[in-house]
Amino acid sequence: MNPQARAWRHTFKSSSAQRIALFLDDRHEFTAALFAAWAERKTVVLPGDVLPATLEALKPHVDAWVGDFPGKETLQPGTPSADPWTDPDPEAEGLIVFTSGSTGAPTAIPKRLRQLFDEVTTLEATFGPRLGKDVSLFSTVSHQHIYGLLFSVLWPVLTGRTLTPRRLEYPEELEQFLAPTSCVLISSPAHLKRLPDVTAWNTKLKAVFSSGGALPEEGAQKALAVLSHQPIEIFGSSETGGIAWREGTHSSWRALAGVQFRRSSEGTLELKSAHLADVESWLTTADRIELTGETFKLLGRADRIAKIEEKRVSLELIERTVIATGLVTDARAVVMQGARVTLGLAAVLSSSGRALDRKLLLEQLKTALEAAVERVAIPRRFRFVDALPLNEQGKVTEAGVLSLFVERPMRPDAAWSHHTPLHAVLEMSIGPGLKVLEGHFVETPVVPGVAQLDWAINWGREAFKFEGHLVRLEVLKFQALMMPGHQVKLVLDWNPEKKTLTFKFSSETASYSSGRVVLS
């Protein structure tokens, strides 16, 4: 065993701590500390991040800290030990990983080393022959999560393949590292779909793996075009270990070597494998499936854990976090499907929440969420309502909450205060529920200029009944931000001879925009 591992073993041998939290970016140093801890019969606690809420959840499970933990006193490697190396005990509880679980609270999942070693055996039996031994395993994913740990650390170490020193965080790095040597790429949908739009790289790749969530078609096509490989998707979880794999986003899932599966009476996946703590019993998951002979198709989750950018996101944790601020009395988070999967949050404000303007309210809610969840889990869209919508049974449903987001007006309610054949004035109040406020400045919603122009033209058509298409814009000016809460006046003037519409948006304190629209 190398000097790094022997140095860490000296530290662990001298320490009475049994449960060691480990967070190190350097993969060689991480691996040395990991196997040294196992040689001394220590349990390694593996956090996926070092957010304040995560560190708080770790406290009951940790006796000592190793690595990059802000504000923590950490153990350091000692003098390399000359003691004979001791192989770890396969039946020891060598690892605790944390996941959101079905309740939303961070859940500690213990793993016997046997489970981890058996999973490596499964990977080698399923994919080893196509890879060969003389390959380096590069990854874009962190070894602090179970997928990265198994594929980028344990698999190469236990099968004698090359362990690479760090993860490749940026697409620009990939071609440089993948070109010189026979290799495998361990990646995720989030990284594959962000590959650059270029012609195929000249690499010596043997395979590309993806896990953490379903790979969208654009990610698969990018990988095929740039890396010349159809990614091998791996389906599993921290609780279950690896379950199945497929090549092609429209293919059904095939069980990994040694894994058995069936469909429960409730339509969810049940499985039995050596990757589970109890190898004799069937485990029921929250994944709904459709059987297709010896394979299956996934139909979505039966619980309230969502996947956003391949991260497990507890919708309940988000809701509890915002309610705990005292600014919200009730909340419901929902997954928003679209070109990009994001989260929406509908909430009922407390008196304290109603006393704040929208900008400050969002800042305080997001600050609370940043301490509890990763950035991708922070909702991108917010709706503040008097009460969450109920169905006939008095229950809050996902469909009801989603309706708060999709049924939104493009324009504010407005009333004509003056209207003649050539001149009109419209009075309006800019409310927070307008659809045009989305996707521009999340912290400070504003009405974009293109929306103001659209309003002017369409209200002009209503007022003056003109026809024709936009030819050009003249003397167009945007002078101030139009925001929710503003009382706005729109002045319109129509010149039928020149076919021009002049508009001006203003209030008592500001001029927002003005210009002239020339029509055909």
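The values are calculated or read from the model by the stated rules, or taken from the named source; none is laboratory data. Note that this is a predicted model, so its numbers are computed, not measured. Cβ placement follows ideal geometry from the backbone for every residue including glycine, while neighbour counts extend to all protein chains displayed.
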Among the residues of segment 213-241, count how many are in contact with a helix residue (DSSP H, G or I) (Cβ under 7 Å, 6 or more places away or on another chain), outside any strand (DSSP E or B) and not hydrophobic (A, V, I, L, M, F, W, C). 8
Please determine whether any residue of segment 98-120 is of a type outside the set (Ser, Thr, Tyr) and at positive phi. yes
Which of the following residues is over 24 Å from the mean Cα position of the chain (by Cα) and touching a residue at least 24 places away in the same chain (Cβ under 8 Å): Ser228, Ser238? Ser228
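Residues are listed down the side, and each one gets a yes or a no for (1) crowded, with 19+ Cβ neighbours inside 10 Å; (2) modelled with pLDDT under 90; (3) within 30 Å of Arg262 (Cβ to Cβ):
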residue	(1), (2), (3)
Ser281	no, no, yes
Thr284	no, no, yes
Phe296	yes, no, yes
Ala302	no, yes, yes
Ala346	yes, no, no
Leu361	yes, no, no
Lys366	no, no, no
Have a look at Glu309, Glu319 and point out the one that is among the acidic types (Asp, Glu), over 30 Å from Trp253 (Cα atoms) and surrounded by 14 or more Cβ atoms within 10 Å (Cβ to Cβ). Glu319
For a quick check of your reading: which helices (runs of 4 or more DSSP H) sit entirely within segment 1-108 and have at least 3 residues that are at pLDDT 90 or above and aliphatic (A, V, I, L, M)? 27-39
For Ala36, work out the one condition from (1) in contact (Cβ under 8 Å) with a residue 12 or more places away in the chain; (2) more than 33 Å from the chain's Cα centre (by Cα) it doesn't fulfil. (2)
Touching a Pro at 6+ places or on another chain (Cβ under 6 Å) and among the aliphatic types (A, V, I, L, M): does that describe Ala108? no
Taking segment 288-317 and keeping only residues that are under 13 Å from Glu374 (Cβ atoms) and not small (Gly, Ala, Ser), one is left with Lys307, Ile308, Glu309, Glu310, Lys311, Arg312, Val313, Leu317
Residue among Val447, Val475 that alone is among the aliphatic types (A, V, I, L, M), crowded, with 19+ Cβ neighbours inside 10 Å and at pLDDT 90 or above: Val447
Per the filter on segment 481-507, residues free of Cβ contacts under 8 Å to residues at least 40 places away in the same chain and touching a His at 6+ places or on another chain (Cβ under 7 Å) are Ser507
Out of Leu481, Leu453, Leu501, which single residue is among the aliphatic types (A, V, I, L, M), more than 28 Å from Arg383 (Cα to Cα) and not assigned by TED's automatic domain parsing to the domain that holds Phe384? Leu501
Give me a count of the residues in segment 396-417 that are part of a loop (DSSP other than H, G, I, E, B) and at pLDDT 80 or above. 4
